[in-house]
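> To start, I am sharing the structure in question, which I have written as structure tokens.
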Amino acid sequence: MEETLSYSGGTNPGEFMPFFNWFGGGGGGYLRKLKKLAKRLDVFLQGLIDEHRNKSPSESRYTMIGHLLSQQESQPEYYSDEIIKALIQSLLLAGTDTSAVTVEWAMSNLVNYPDVLKKARAELADQIGEERLVEEADLSKLSYLQNIISETLRLYPAAPMLLPHFSSNDCVVSGFDIPRDTLLLVNAWAIHRDPKLWDKPESFNPERFEGGSKDEKAHNLMPFGLGRRACPGAGLAQREVGLTLASLIQCFEWERVCEKEVDMTEGQGLTMPKFVPLKVMCKPHSFLNKVLH
Ligand code: HEM
């Protein structure tokens, strides 16, 4: 997945100078490497389908592949293996790294801002108590945690340029005439840090989201895109990231490995990874002993 995403953020020199394509795409054989990767990916995805074919219907009934294979029986011309592989690939590419990097950026912020971490822990203790582990159903009560996630997605959106869009008709955007069939990119990263839209945009301040959607500035937050082609996994992502962060905060005590703040430089790639992967120290919280014994 990492390798695939790193290619999607890259540039193929052959698209600018087609003769490069005679030499495998130029720039270190971009096309050649891409084709090799596509073959490996295809073998991996076909393996997942075959594994499900060999399972009993009751075993694979509640999995996405199992469901798609049952559709294949009734509509084989549409639900071909190719279509199923494309769907799995889309979900794996769109839905795994995005949530994982968001958790990593959020944890980096939390160890850089111990007061925010303390407040998040206090909210957990207040809303859930110290007798049980946090559950998905608790997330709606954890508004400060939601604000931490929003602030993380504002400063470090996992898809900083969203996905490329194509204008289906001539249109005007901010006074610019855009002809039909133009590739359009939205720079959510820049909108999220625009000083005209946000107070002290560079600072990590989850409190700015207090008051929820009543704050009209919340509409300037678009880590999942907006409109018809916005991320269909947004709800799932909010729950995954929320539950993971809540569990990490509830069960462990976190600290930076040294006095120096965690480096927040962004690396390259479609899902904006950290340039320097996060390293932190953690020890089990006393609460963990209570719930485990
Ligand atoms: C923090 C996590 C996530 C972020 C920040 C995120 C962000 C985005 C963004 C910005 C887009 C493009 C929207 C646009 O261009 O207008 C997108 C599309 C998409 N996302 Fe997510 N996403 C996340 C998690 C997920 C998850 C968990 C899934 C599914 C399991 C998912 C599935 C998809 C799919 C299938 C698309 C393509 C939709 C289309 O083309 O119509 N995403 N996501």
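> Please enumerate, by chain and number, the lysines with C-alpha under 18 Å from the C-alpha of LYS283, excluding those fewer than 8 residues away in the same chain.
Filter leaves LYS118.
> Which part of segment 128-148 falls in the paramagnetic zone of ASN289, meaning amide N under 18 Å from the point 7 Å along Cα-to-beta-carbon?
Residues passing the 18 Å test: 130-133.
> Compute the accessible area per residue over the chain, keeping the other protein chains in place, probe 1.4 Å, unit Å². Could you put the intermediate results ahead of the total?
Details: 18080 Å² over 293 residues.
With the other protein chains kept in place, the chain gives 62 Å² per residue.
> Just the number, please: carbon plus sulfur as a percent of the accessible area of segment 28-137, 1.4 Å probe, no ligands or DNA/RNA counted. Spell out each step's value before the answer.
Working: 3770 of 6620 Å².
With neighbouring chains kept in place, the figure for segment 28-137 is 57 percent.
> Ok, one more. Over the alpha carbons of segment 188-288, what is the largest minus smallest coordinate on each principal axis, giving the biggest first in Å?
Per principal axis, max minus min of the Cα coordinates gives 43, 29, 27 Å.
> With +1 on each Lys and Arg Cβ and -1 on each Asp and Glu Cβ, and nothing else charged, work out how big the dipole of segment 78-211 is about its Cα centre, in Debye to the nearest 20. Intermediate results must be reported in sequence, preceding the final value.
Values: 12 positive and 21 negative charges, 59 e Å.
Rounded to the nearest 20 debye, it is 280 debye.
> Modelling each spin label as a point 7 Å along the Cα-to-Cβ direction, I'd like the LEU236/LYS260 distance in nm, to one decimal.
Distance between the two pseudo-spin positions: 3.9 nm.
> Also, I was wondering about something else. Going from most exposed to least, what order do TRP105, TRP189 have by accessible area with a 1.4 Å probe?
Working: TRP105 0, TRP189 80 Å².
Ranked list, largest accessible area first: TRP189, TRP105.
> So, one more: Ordering MET1, MET222, MET17 from largest to smallest accessible area (1.4 angstrom probe), what's the sequence?
Working: MET1 75, MET222 25, MET17 95 Å².
Largest accessible area first, the residues go MET17, MET1, MET222.
> Mean-square fluctuation check for the chain, GNM, Cα pairs under 10 Å: which of GLN89, GLN75, GLN146 is largest?
GLN75
> While we're here: Just the accessible area for CYS282, please: 1.4 Å probe, Å², rounded to the nearest 10?
My reading of the accessible area for CYS282 is about 70 Å².
> Report the FRET efficiency, 1/(1 + (r/R0)^6), for HIS165 and ASP194, where r is their Cβ-Cβ distance and R0 is 22 Å, rounded to 0.05. Could the numbers behind the result be given before it?
Numbers: r = 20 Å, r/R0 = 0.90.
Efficiency computed from Cβ-Cβ geometry: 0.65.
> Now for a separate question. Could you work out which residue, out of GLU151, GLU135, GLU77, moves most in a Gaussian network model of the chain, that is, has the largest mean-square fluctuation with Cα springs under 10 Å?
Among GLU151, GLU135, GLU77, the largest GNM mean-square fluctuation belongs to GLU77.
> Round to a whole angstrom and tell me the spacing of the C-alpha centers of segment 222-293 and segment 146-220.
A separation of 21 Å, based on Cα centres.
> Report the label-to-label distance for LYS55 and LEU37 in nanometres (one decimal), using points 7 Å from each Cα along the Cα→Cβ vector.
It works out to 2.8 nm between the two label points.
> Could you tell me which residue out of LEU245, PHE224, PRO201 lies farthest along the dipole of segment 172-252 toward its positive end? Charges go on the beta carbon: Lys and Arg +1, Asp and Glu -1, centred on the Cα centre.
After comparing all options, I get PHE224.
> Could you tell me which of rounded, prolate or oblate describes segment 177-247, using a ≥ b ≥ c as the square roots of the eigenvalues of the alpha-carbon gyration tensor, with rounded for a/c under 1.5 and, failing that, prolate when a/b is larger than b/c and oblate otherwise?
Judged from the Cα gyration tensor, segment 177-247 comes out oblate (a/c at least 1.5, b/c at or above a/b).
> Once you charge only the Cβ atoms, +1 for Lys and Arg and -1 for Asp and Glu, what is the size of the charge dipole of the chain about its Cα centre, to the nearest 20 debye? Write down the numbers at each step before the final one.
On the way: 32 positive and 39 negative charges, 88 e Å.
The calculation lands at about 420 debye.
> If you don't mind, there's one more thing I want to ask. As an exercise, use a Förster radius of 41 Å and the Cβ-Cβ distance of GLU131 and THR96 to find the FRET efficiency, rounded to the nearest 0.05.
On the way: r = 33 Å, r/R0 = 0.80.
The computed FRET efficiency comes out at 0.80.
> With runs of 4+ DSSP H residues as the only contributors, calculate the mean residue ellipticity of the chain at 222 nm using -39,500 (n - 2.57) per run, divided by the residue total and rounded to the nearest 500. Please list the in-between numbers first.
Numbers: 12 runs with 139 residues, N = 293.
Calculated mean residue ellipticity at 222 nm is -14500 deg cm²/dmol.
> Give me the distance in nm between label points sitting 7 Å out from Cα along the Cα-to-Cβ direction at ILE178 and SER143, one decimal.
Label at ILE178, label at SER143, 3.5 nm between them.
> With a 1.4 Å probe and all protein chains kept in place, how much accessible area does SER168 have, in Å² rounded to the nearest 10?
Roll a 1.4 Å probe over it and SER168 shows about 90 Å².
> Name the residue, out of PHE16, PHE176, PHE166, whose mean-square fluctuation peaks in a Gaussian network model built on the chain with Cα pairs under 10 Å.
The residue that fluctuates most here is PHE176.
> Now a separate question. Using only Cα atoms, what is the ratio of the radius of gyration of the chain to 2.2 N^0.38 Å?
Expressed relative to 2.2 N^0.38 Å, the Cα Rg reads 1.17.
> Just tell me which lysines come within less than 27 Å, Cα to Cα, of LYS55; anything on the same chain fewer than 8 places away is out.
Partners found: LYS39, LYS85.
> Which percent of the accessible area of segment 208-293 is formed by carbon and sulfur heavy atoms (probe 1.4 angstrom)? List each step's numbers first, then the result.
Details: 3230 of 5780 Å².
Within segment 208-293, the accessible surface is 56 percent carbon and sulfur.
The values are calculated or read from the model by the stated rules, or taken from the named source; none is laboratory data. Note that the structure is predicted; figures quoted are calculated from it, not measured. Note that each Cβ is placed from the backbone with ideal geometry, even for glycine, and that neighbours are counted across all protein chains shown. Surface areas here come from the heavy atoms of the whole protein model, side chains and all, with no ligands, DNA or RNA. Shrake-Rupley method; radii C 1.70, N 1.55, O 1.52, S 1.80 Å.
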